[in-house]
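Novice: Quick one: the structure is below, questions incoming.
The values are calculated or read from the model by the stated rules, or taken from the named source; none is laboratory data. As the structure is a computational prediction, the values presented were derived from the model and not from experiment. Here Cβ is always computed from backbone atoms with ideal geometry, including for glycine, and neighbour counts include all displayed protein chains. For accessibility, only protein heavy atoms count, side chains too; no ligands or nucleic acids. Shrake-Rupley method; radii C 1.70, N 1.55, O 1.52, S 1.80 Å.
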Amino acid sequence: MSDTPDILCIGSVLWDIIGRCATPMVAGNDMPGRITRIPGGVALNIAMTLARLGLRPALLSVVGQDVEGTALLAECARLGLDTSHVTRAGDLPTDVYMAIEAPNGLIAAIADAHSLESAGDRILTPLTRGPLGSPQAPYAGMIALDGNLTAALLADIAQSPAFAAADLRIAPASPGKALRLDPFVRQGRGTLYVNLEEAGLLCGARFANATEAAQRLVAVGAQRALVTDGAGACCDADGNEAFTDSPPAVTLRRVTGAGDTFMAAHIVAERGGAARPDALHHALRAAADFVSGETP
């Protein structure tokens with residue numbers, strides 16, 4: 001693997017425990033289904049898709065010096081990911097995410113990313129004190145950043161000189177963490193990848209569609225925003241233009257990781273020189289293939 005990654009993926013690297021049922025569910029149901037354990041976390045999901053699409057991503061995160069952490073890093077290496085900058089913490093366990101999904105969508109989920117939060121800025125050492133960069137010589141490549149970091153650390157990143165030259169691509173991780181991205185909106189830093197609910201939380205408003213939401217995010221300070229709305233239309237807006245496209249209709253077979261797949265596919269398309277409407281269309285197609293089970 002090259003010593004120079006194509007992109008850095010910063011945030012959650014953990015095990016996903018996903019329970020899937022073949023019939024629709026509501027809260028409180030006890031149903032038969034399948035339970036799997038797979039590598040996950042927003043940063044790792046993005047990195048896995050980037051690698052599958054031909055890029056060389058490097059991870060900045062934390063895993064424990066436990067059996068789970070060792071197995072997770074081994075799986076990352078097998079998938080072609082650069083884990084040389086991942087922090088191994090002897091005082092913290094490897095994080096985990098648990099979700100229940102059904103044909104009618106995500107029923108419930110809990111993200112235990114406490115180790116990532118506890119590690120704090122330790123995971124950023126390769127960017128702040130080398131070998132990837134420093135405040136005096138900031139990293140100038142692309143960074144995919146997820147909102148599982150603490151609000152305080154994300155606020156620091158939004159104005160840190162070590163990140164000033166980077167092309168930041170930012171995802172909130174979940175609606176419950178959407179407000180952690182507010183510093184990037186106020187600083188006009190980076191490209192935000194959010195869903196309609198997350199856009200509403202950041203703007204303190206309710207939106208009828210993704211176009212309205214993306215344009216409002218830009219109006220309140222965001223440099224650029226891509227807003228998705230499930231099976232509805234998606235919008236990519238900045239201060240000059242707005243592009244809208246709709247995903248193809250597919251049968252929903254899985255949910256967790258769909259937004260991460262959209263973001264990664266969009267990044268790959270733009271790195272490859274695709275025009276913004278084409279990149280948006282490509283990302284929506286990739287996300288549709290993912291939720292329908294057509295891609296790994």
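Novice: Can you find even one residue in the stretch 200-217 that is part of a helix (DSSP H, G or I), touching a Leu at 6+ places or on another chain (Cβ under 8 Å), open to solvent by 70 Å² or more (accessible area, probe 1.4 Å) and at pLDDT 95 or above?
Specialist: Scanning the stretch 200-217 turns up at least one residue that is part of a helix (DSSP H, G or I), touching a Leu at 6+ places or on another chain (Cβ under 8 Å), open to solvent by 70 Å² or more (accessible area, probe 1.4 Å) and at pLDDT 95 or above.
Novice: Among the residues of the stretch 38-71, which ones are part of a strand (DSSP E or B) and either among the polar types (S, T, N, Q) or farther than 30 Å from Gly272 by Cβ (or both)?
Specialist: If the condition is that a residue be part of a strand (DSSP E or B) and either among the polar types (S, T, N, Q) or farther than 30 Å from Gly272 by Cβ (or both), then Val62, Val63, Gly64 are the ones that fit.
Novice: Here's something else I'd like to know. Using the structure shown, decide if Leu106 is surrounded by fewer than 21 Cβ atoms within 10 Å (Cβ to Cβ) and modelled with pLDDT under 95.
Specialist: Criteria met by Leu106.
Novice: What are the pairs with Cβ atoms under 8 angstrom where one residue, in the stretch 92-117, is touching a residue at least 12 places away in the same chain (Cβ under 8 Å) and under 18 Å from Val255 (Cα atoms) and the other, located anywhere, is acidic (Asp, Glu) and open to solvent by 50 Å² or more (accessible area, probe 1.4 Å)? Sequence gap at least six, or different chains.
Specialist: These pairs meet every condition: Val96/Glu68; Val96/Asp112; Tyr97/Asp112; Met98/Asp112.
Novice: Of the residues Val227, Val194, Val185, which is β-branched (Val, Ile, Thr) and under 23 Å from Val13 (Cβ atoms)?
Specialist: Val194
Novice: So, one more: Looking at (1) farther than 25 Å from Ala264 by Cβ; (2) in a loop (DSSP other than H, G, I, E, B); (3) at pLDDT 95 or above; (4) in contact with a Gly (Cβ under 9 Å, 6 or more places away or on another chain), can you tell me which one Ile35 breaks?
Specialist: Among (1) farther than 25 Å from Ala264 by Cβ; (2) in a loop (DSSP other than H, G, I, E, B); (3) at pLDDT 95 or above; (4) in contact with a Gly (Cβ under 9 Å, 6 or more places away or on another chain), Ile35 violates only (2).
Novice: Within the set of pairs 6+ apart or on separate chains, which have a first residue in the stretch 34-47 that is open to solvent by 20 Å² or more (accessible area, probe 1.4 Å), a second that is among the hydroxyl-bearing types (Ser, Thr, Tyr), and C-beta atoms under 6 Å apart?
Specialist: Correct list of pairs: empty, since none qualify.
Novice: Only one of (1) surrounded by fewer than 13 Cβ atoms within 10 Å (Cβ to Cβ); (2) not in a helix (DSSP H, G or I) is not met by Ala74, so which one is it?
Specialist: (2)
Novice: Do we have any residue at all in the stretch 55-69 that's buried (at least 23 other Cβ atoms within 10 Å of the Cβ), out of contact with any Leu (no Cβ under 7 Å at 6 or more places or on another chain) and aliphatic (A, V, I, L, M)?
Specialist: No, every residue in the stretch 55-69 fails to be buried (at least 23 other Cβ atoms within 10 Å of the Cβ), out of contact with any Leu (no Cβ under 7 Å at 6 or more places or on another chain) and aliphatic (A, V, I, L, M).
Novice: Something else now. Pull up the stretch 171-198, narrow it to residues that are among the aliphatic types (A, V, I, L, M) and more than 22 Å from Ala99 (Cβ to Cβ), then point me to the one that is surrounded by the fewest Cβ atoms within 10 Å (Cβ to Cβ).
Specialist: Taking the candidates together, the pick is Val185.
Novice: Output the number of residues of the stretch 239-269 satisfying the condition of being open to solvent by less than 40 Å² (accessible area, probe 1.4 Å) and within 14 Å of Tyr193 (Cα to Cα).
Specialist: Matching residues across the stretch 239-269 total 10.
Novice: Continuing with this model, one more query. Could you pull out the residue among Ile123, Ile157, Ile110 that is part of a strand (DSSP E or B) and either more than 25 Å from Lys177 (Cα to Cα) or of a type outside the set (Phe, Trp, Tyr) (or both)?
Specialist: Of Ile123, Ile157, Ile110, the one residue that is part of a strand (DSSP E or B) and either more than 25 Å from Lys177 (Cα to Cα) or of a type outside the set (Phe, Trp, Tyr) (or both) is Ile110.
Novice: Being touching a residue at least 12 places away in the same chain (Cβ under 8 Å) and either more than 30 Å from Leu153 (Cα to Cα) or open to solvent by 70 Å² or more (accessible area, probe 1.4 Å) (or both) is the requirement here; does Ala51 meet it?
Specialist: Here the answer is no, as Ala51 does not meet what is asked.
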